[in-house]
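Written below as structure tokens is the structure these notes are about.
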Amino acid sequence: MMNNKFKGLLALGAVMTLAACSSNDGANTMREVTKNEQDNAPSWVFNPVVDGALASSQCVQWSGQMQIDRAQVIAAARNDLAQQIRTRAAVLDKTYSSKTTEGVQAEVSSSFEQASQQLSSEVLEGSVPKEVTLAQIDGQKQLCALVVMDEPKQLFDNMMNMSGVDADPMSEQAMYETFMLEKTKAELEAMLK
């Protein structure tokens, strides 16, 4: 049973990776949506994916004040990254608690989520802006940033330690793969329902 779930998770991961690799250029897709030929933005604005890392992109309307706009867009992307991690942790809580025995579920419930909240400052400090660029979106000049957390495994290990969950290596690996699945915020939130 566990082996089938593990295989299912691996297959899902492979499908998600292929789908991400085959996505259209962000600028062309954006022009199709906005119907504005002057619109231009790098693909990472709409699909913030970085191999082996957690990533978030955000944009703010350009005010002409680089220092202020840059600080604002990086802060927004970091906050979004922290929210993604909290949502991923909630998915882990749900996944793990559904696999535990009935008598232990109450103790385990929300342990990953609590750990992720405690690690939020680490997430904000450990993330770095990888790209910052001006873009034209829906006819308006925007400053966009791609923020990346390069060591998600370390964060995951810290969450595991803080949660008090004692998992065998195969289960822990499957949980890490679940944590790293490339899903949108809406898809992750749907998994919680």
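Rule-based calculations on the coordinates, nothing more; no lab input. Only a predicted model underlies this, so the values are computations on that prediction, with no experimental measurement involved. Here the Cβ is made from the backbone with ideal geometry for all residues, glycine too, and neighbour counts use every protein chain on show.
At-a-glance table
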read-out: Most to least packed among 141-153, 49-61, 125-137 [average Cβ atoms within 10 Å]; value: 141-153, 49-61, 125-137
read-out: Sequence ranges 77-90, 155-168, ranked by mean other-Cβ count within 10 angstrom, highest first; value: 77-90, 155-168
read-out: Spacing of the two label points (7 Å from each Cα toward its C-beta) at GLU172 and VAL128, in nm; value: 2.7
